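*Asks:* Before we start, here is the structure in question, set down as structure tokens.
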Amino acid sequence: MTLHPLVLLSPHDSQSIDSAFGEDGHVRAVEGAGWAVARAIRARYAPCKTVVVCGPGFNGADGYVAARWLEVWGWSVVVLAVAAPKKDSLVEVIARSWRGRTFSEDGGRIANADLVVDAVFGAGLSRPLSDGLSHILRQANRLVAIDVPSGVCGETGRLLGSVKKAELTISFIRPRPAHFLEPAKALCGEIVCADIGLPADAVNEVKPRVFLNEPGLWLLPVADRGDHKYSRGVVSICGADKMTGAVRIAAQAARSSGAGLVRILGGDVALYRHSEPGLIVDDVPIGEAVKDSRRQVWLCGPGLSNAEVEAYLPQLISAGKTILADAGALGTGAEAVEALRGVSVITPHMGEFRRLFGALAESPRIEAARQAAQCVGAVVVLKGSDTIIAAPDGRVAINQHASPALATAGSGDTLAGIVSALLAGGMPAWEASCAAVWLHGDAGIAAASEYGGWPVVEALEKGLGRARQRAEKHQNAKNYKNLPFARL
Ligand SMILES: NC(=O)C1=CN([C@@H]2O[C@H](COP(=O)(O)OP(=O)(O)OC[C@H]3O[C@@H](n4cnc5c(N)ncnc54)[C@H](OP(=O)(O)O)[C@@H]3O)[C@@H](O)[C@H]2O)[C@@H](O)CC1
Ligand SMILES: Nc1ncnc2c1ncn2[C@@H]1O[C@H](COP(=O)(O)OP(=O)(O)O)[C@@H](O)[C@H]1O
Ligand SMILES: [K+]
């Protein structure tokens, strides 16, 4: 068994791996890690005056090994040991293998260095970085971080103190969630992940819950000769009377991402009937429509007022439909959360999330999404530049495949349409949501390149067919390409 290439290692996973290494294996792992750091640096910088700032734990140990290699290769290196390793510890043994110049006080060396390597603390930081340490690192002109810039919580991307931005961050085995979560993401620079080998026993011990959202994490159903419109899936959308644009955008997105049939029920029926000819528009009571067993998947929320949501949502839930609740269906407070029980997916942006879950919105986004998913019993797609897709069973995907071109009104309706189409195509809720976020991002990237970075929302749906094609091509690939980090 191997560790899935899209796993992101939490500090807890990392500790499981470390315990599987045993003492000898751990020394080899640190040697491998330090060597990888030195190689990544040598590949990017010319030999220069370098200070490696080492902390008391294994992050520091990686730093001592990297210092040793850089010096072997003729670099001018000094170590600044900001905290000594614990007496008689493995880190102390590894630190002794560094025979070069070592200082315990900065004495202006950092400010005068061409390059500073931050080997102070790793991803499992347990308490805030002291002001003294942040002050030392902040003086660096160019900084390379080992594992994470010190002060970053590897699990959540939260900052535990004032953190200096790195140009390059080198991590091991698999990247950390923090590398792709704001605010830490913006401070990591280029991410490199080095393969330092994995003890055989470790794979069974690691129970990964966090993944990078890329094709291969999920499988889209592929077109089949025997397809018919019902096998491709039917999406029904609750029609709005006033904000009709949101409904039409969602409907077009669902059609463009593979739904066999898209129907709008109610709202401004006359207007919908005069919009796109490929839509079916129904003017029957919701109680009637839910009796049709082919209409299992419903999108409820885009463009809807509170009163409209109240007229649709309870009936859909009691009919046992597969529901995506978005926008208008994401009301305020505990009652609104209660009203959502029974839906499969919710897609809040941060404002909607705060409205629904109040104080939970102050937690780091990954924690907030995970807890909200457990609370509602639905997949939570917490939208943003680092969209998080959390399942009630604790799985979380972090999406990087996106573009700021998506920051345009109606873009969320497009996403809701895509998720609905994939649910109707038979994908489970978490996989459908992850895949939809990726397709949405891919369409955004393509539209940005076609329209110089500033596409209107209608441009997104045009890119969805191609986005799906790209995902289908990559989802079976064994060697993952185009990932948002380099491999070493
Ligand atoms: N499996 C892998 O992925 C591999 C990982 N590797 C490397 O191991 C690194 C993780 O090592 P690590 O566990 O020793 O943690 P690290 O941060 O170096 O030190 C913790 C020490 O710092 C202390 N301390 C904490 N916070 C503090 C604060 N604010 N202010 C002051 N002190 C503070 C803390 O004290 P304590 O909380 O115990 O009291 C403890 O003594 C990882 O980042 C990577 O570089 C590779 O070598 C090989 C494979
Ligand atoms: N800077 C950004 N980078 C990547 N994606 C973004 C960015 N800004 C917004 N998005 C995406 O665009 C969509 C906007 O959704 P939403 O705020 O609901 O818009 P609307 O309500 O206008 O349809 C979300 O999927 C979000 O993740
Ligand atoms: K570090």
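The values are calculated or read from the model by the stated rules, or taken from the named source; none is laboratory data. A quick note: this is a predicted structure, and the numbers were derived from the prediction, not measured. Glycine also receives a Cβ, built like all others from the backbone with ideal geometry; neighbour counts cover every protein chain displayed. These accessible areas exclude ligands, DNA and RNA; they are computed on the full protein's heavy atoms, side chains included. Shrake-Rupley method; radii C 1.70, N 1.55, O 1.52, S 1.80 Å.
*Asks:* Condition check: outside any helix (DSSP H, G or I) and under 22 Å from the mean Cα position of the chain (by Cα). Does Pro348 satisfy that?
*Replies:* Yes; evaluated as a whole, the condition is true for this residue.
*Asks:* Say we look at the range 204-242 and pick out the residues that are of a type in the set (Gly, Ala, Ser) and in a loop (DSSP other than H, G, I, E, B); which of these is modelled with the lowest pLDDT?
*Replies:* It comes out as Ala223.
*Asks:* So, in the range 105-159, of the ones that are acidic (Asp, Glu) and more than 13 Å from ligand 3 (Cβ to nearest atom), which residue ends up least open to solvent (accessible area, probe 1.4 Å)?
*Replies:* Asp106
*Asks:* Report, by residue number, each residue of the range 412-428 that is within 20 Å of Gly328 (Cβ to Cβ) and open to solvent by 10 Å² or more (accessible area, probe 1.4 Å).
*Replies:* Gly412, Asp413, Leu423, listed by residue number.
*Asks:* Go through the range 160-174 residue by residue and tally those that are part of a strand (DSSP E or B) and either outside the structural domain of Val30 (by TED's automatic domain parsing) or away from ligand 1 (no atom under 12 Å from the Cβ) (or both).
*Replies:* Residues that pass the stated criteria total 1.
*Asks:* Does any residue in the range 329-351 that is at pLDDT 95 or above come within less than 6 Å, Cβ to Cβ, of a residue that is in a helix (DSSP H, G or I) and among the small types (Gly, Ala, Ser) six or more places away or on a different chain, and which pairs are these?
*Replies:* Sorted first by the residue in the range 329-351, then by its partner, the pairs are Ser344/Ala429; Val345/Ala429; Val345/Ser433; Thr347/Ala416.
*Asks:* Sticking with this structure for a sec: Does the range 82-101 contain at least one residue that is in a strand (DSSP E or B) and open to solvent by less than 30 Å² (accessible area, probe 1.4 Å)?
*Replies:* no
*Asks:* Which residue pairs have Cβ atoms closer than 8 Å, lie 6 or more positions apart in sequence or on different chains, and pair a first residue in the range 220-247 that is without any contact (Cβ under 8 Å) to a residue 40 or more places away in the chain with a second residue that is among the hydrophobic types (A, V, I, L, M, F, W, C)?
*Replies:* Lys229/Leu261
*Asks:* Next question, about the same structure. Looking at the range 463-471, can you tell me whether even one residue there is among the polar types (S, T, N, Q), out of contact with any Lys or Arg (no Cβ under 7 Å at 6 or more places or on another chain) and without any contact (Cβ under 8 Å) to a residue 60 or more places away in the chain?
*Replies:* Checked against the condition, which is being among the polar types (S, T, N, Q), out of contact with any Lys or Arg (no Cβ under 7 Å at 6 or more places or on another chain) and without any contact (Cβ under 8 Å) to a residue 60 or more places away in the chain, the range 463-471 yields at least one hit.
*Asks:* Restricting to the range 189-240, and then to whatever is among the aliphatic types (A, V, I, L, M) and within 30 Å of Asn306 (Cα to Cα), can you tell me which residue is surrounded by the fewest Cβ atoms within 10 Å (Cβ to Cβ)?
*Replies:* This residue is Val234.
*Asks:* Further, regarding this structure: In the list Glu335, Glu367, Glu431, which residue meets the criterion of being within 24 Å of Tyr312 (Cα to Cα) and open to solvent by 10 Å² or more (accessible area, probe 1.4 Å)?
*Replies:* Going through Glu335, Glu367, Glu431 in turn, the sole match is Glu335.
*Asks:* Assigned by TED's automatic domain parsing to the domain that holds Val192, surrounded by fewer than 20 Cβ atoms within 10 Å (Cβ to Cβ) and within 13 Å of ligand 3 (Cβ to nearest atom): is that true of Pro56 in this structure?
*Replies:* Considered against the rule, which asks whether it is assigned by TED's automatic domain parsing to the domain that holds Val192, surrounded by fewer than 20 Cβ atoms within 10 Å (Cβ to Cβ) and within 13 Å of ligand 3 (Cβ to nearest atom), Pro56 comes out as yes.
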